[in-house]
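Below: the structure, in structure tokens.
Just so it is clear, none of the values below were taken in a lab; they were calculated from the coordinates. From a predicted model like this one, the values you see are computed outputs, not experimental measurements. Don't worry about glycine lacking a Cβ; one is built from the backbone with ideal geometry, like all the others, and counts go over all protein chains shown.
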2 protein chains.
Amino acid sequence: MTTIGFIGLGSMGLPMAFNLLKAGFGVRGFDLRTDAVGLLEDAGGTGAGTAVDAARGTDALVLMVVNAAQAETVLFTDGALDQLAPGGIVALMATCPPGVVTDLAARVEATGRGFVDCPVSGGVVGAVGATLTIMAAARRSVFEAAKPILEAMGDKVYHVGEEPGQGATVKTVNQLLCGVHIAVVAEAFALAVRKGVDLGILLEIMSGSSASSWMLKDRGPRMLMADPEITSAVDIFVKDLGIVLEAGRDAKVALPLAAVAHQLFLATSGRGDGAADDSQVIRTYHVMNGTRDLPSGN
Amino acid sequence: MTTIGFIGLGSMGLPMAFNLLKAGFGVRGFDLRTDAVGLLEDAGGTGAGTAVDAARGTDALVLMVVNAAQAETVLFTDGALDQLAPGGIVALMATCPPGVVTDLAARVEATGRGFVDCPVSGGVVGAVGATLTIMAAARRSVFEAAKPILEAMGDKVYHVGEEPGQGATVKTVNQLLCGVHIAVVAEAFALAVRKGVDLGILLEIMSGSSASSWMLKDRGPRMLMADPEITSAVDIFVKDLGIVLEAGRDAKVALPLAAVAHQLFLATSGRGDGAADDSQVIRTYHVMNGTRDLPSGN
């Protein structure tokens, strides 16, 4: 039986660790939140007091941390990597810039261990139901070795390439499309508002036409509200489109639409709306064009 | 029984005229292509030798012409409008810039006749099956009078506003979203290609994620081909994003994403690829970034 060290028992990490237990893996888990560690123990896992302790004697180390900086701290500064079995595998599942992932992978591989760059999509629902989409980049042999672990957490496990950083690239591309799709809905609405078109009817028509997108249907209705429920904040796209442009800079690829969309999210955050729902990037179009009275608070 | 003059019996106009006949309207039709006029006669309509002749004594004049300039010529230069019954209705169904539509409407209304700005979407399939989406802007009384005519040609007839130009705006907004959605797929692929990600796998993942759009699923596969079948040409979006930006200029609304997307289609056309499938806007990313050997012919 393979024993897995699991770092990061948050709203997604904890149910993912539960699914590893259900699949028959041993799990040694660590999180700064001790209540999460307790819940893992209740489910049959082993709680650890530090990341280094969680990694001790394990065959694979899963990182579901907040960002690349935390992954580096856990692996190298804290030294969890040294505790992982020789020939063991590190699976980095957090969303990180591709270039940073490539560097981390090289440093891990230099110790003789394997590295899987495998960010996820599907949110908490996918984490709980073991229905995550997992975009894995790794040498084939490493991917094959890690596959049973990944398949315990997701039902759509893709091997997107042999080079670590390519998984992060797929996730980055996903965020590029999402960010531009949200901003362009706001732009389309700005033109329609000026011409006095009813946005409810417009949204209904666009949702059923070739102009449709997942984001149009999801964020469009919230753009019609002055202060909608926050399902994902403006500042998430300030960060994620920042990662997109960092990836483009590292790879020297011009990304003009993503660059423009980023400016719109930046301005929205800069005016103090960074914590608002990301649909509220439309406020920047309204401010810029004077298209309607601003929602209260602006 | 209402008699309708129908100008423009093209691949969409002719089946639309057939559907008016099926619904019990009398139809007097004109097109420069005399074979199309003959087909209308075979179906029970009345062929006309000129636009003026088609309009003579009718209660409504449907214009399914190529562009706004043709509409103006037919109505005012040729003088078809004078033949339309006093109190009759002009229905402009071609895709035209909103500002031009507003002007045409004012000139028609000045003669005491009604004007419906009612562009369509749904293509030839929708025209044949009477399942077009029709985006109609008109004074409510005019819309109500025209509704039976419109419902003979489409099954989703929306009254999007009281001001002529608002229908054209909805169609313009539709094209804004479509054009940016196509270009951003190309941009996303450009980043992925540079990082060596397999675009087939990427497309499969994105099609099932929050990054999805109608255009991603439709144009994405054709972006992976060097010289795909042409379903809609690059030059259509050179024109349509031009109409989008003209609408923004007229209304004084900043449309930064549409402006960038237009540049990409313009460059693609300028290099000589204007007649290629619109998915081939990706060639501009490849040329610009040097991301892969260009398809033959470039």
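Okay, here's what the table says:
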read-out: Built amide H within the under 5 Å cut-off of B:Thr2, gap 5+; value: B:Gly26
read-out: Cα-projected label distance for A:Ala254 with B:Glu144, points at 7 Å along beta-carbon direction, nm; value: 5.5 nm
read-out: 7 Å along Cα→Cβ, label-point gaps from A:Glu204 to other copies, nm, shortest first; value: 3.9
read-out: All lysines inside 22 Å of B:Lys22 as judged from Cα atoms, apart from same-chain residues fewer than 8 positions distant; value: B:Lys147, B:Lys156
read-out: Estimated [θ] at 222 nm from DSSP helical runs (n ≥ 4, -39500 (n - 2.57)) normalised by residues in the protein assembly as shown, nearest 500; value: -15000 deg cm²/dmol
read-out: Residue-by-residue Karplus 3J(HN,Hα) for segment B:118-135, coefficients 6.51, -1.76, 1.60, Hz, glycine and proline x; value: 9, x, 10, 9, x, x, 4, 4, x, 5, 5, x, 6, 10, 5, 8, 10, 9
read-out: Chain B, rotation onto A, residue closest to that axis via Cβ, with its distance in Å; value: B:Ser213, 2
read-out: Förster-model FRET efficiency, 60 Å R0, B:Thr131 and A:Asp42, C-beta, rounded to 0.05; value: 0.60
read-out: A:Asp227/B:Val124 FRET efficiency (R0 60 Å; Cβ-Cβ; nearest 0.05); value: 0.85
read-out: Shape category assigned to segment A:31-123 from the gyration tensor of Cα positions, a/c cut at 1.5; value: oblate
read-out: Relative contact order for segment B:1-110, counting Cα pairs under 8 Å that sit 6 or more residues apart, in percent; value: 26 percent
read-out: Built amide H within the under 5 Å cut-off of B:Ile89, gap 5+; value: B:Ala60, B:Leu61, B:Gly114
read-out: B:Ser11-A:Thr34 pseudo-label distance in nm [points 7 Å out on the Cα-to-Cβ vector]; value: 7.2 nm
read-out: Contact order normalised by residue count of chain B, Cα under 8 Å, 6+ apart, percent; value: 13 percent
read-out: Amide N proximity, segment B:157-181 versus B:Ile236 label position 7 Å along Cα-to-Cβ, cut-off under 20 Å; value: B:168-181
read-out: Set of aspartates and glutamates with alpha-carbon distance to A:Lys217 below 18 Å, sequence-local pairs under 8 removed; value: A:Glu187, A:Asp198, A:Glu204, A:Asp227, A:Glu229, A:Asp277, A:Asp278, B:Asp218
read-out: Average Cα contact separation per residue, segment B:169-289, under 8 Å, 6 or more apart, as relative contact order %; value: 37 percent
read-out: Label 7 Å beyond Cα on the Cβ vector: A:Ala85 copy-to-copy distances, nm; value: 8.8
read-out: Degrees, to the nearest 10: A:98-109 long Cα axis against longest axis of chain A; value: 0 degrees
read-out: Other copies of A:Asp250: label-to-label distances in nm, shortest first, labels 7 Å along the beta-carbon direction; value: 4.6
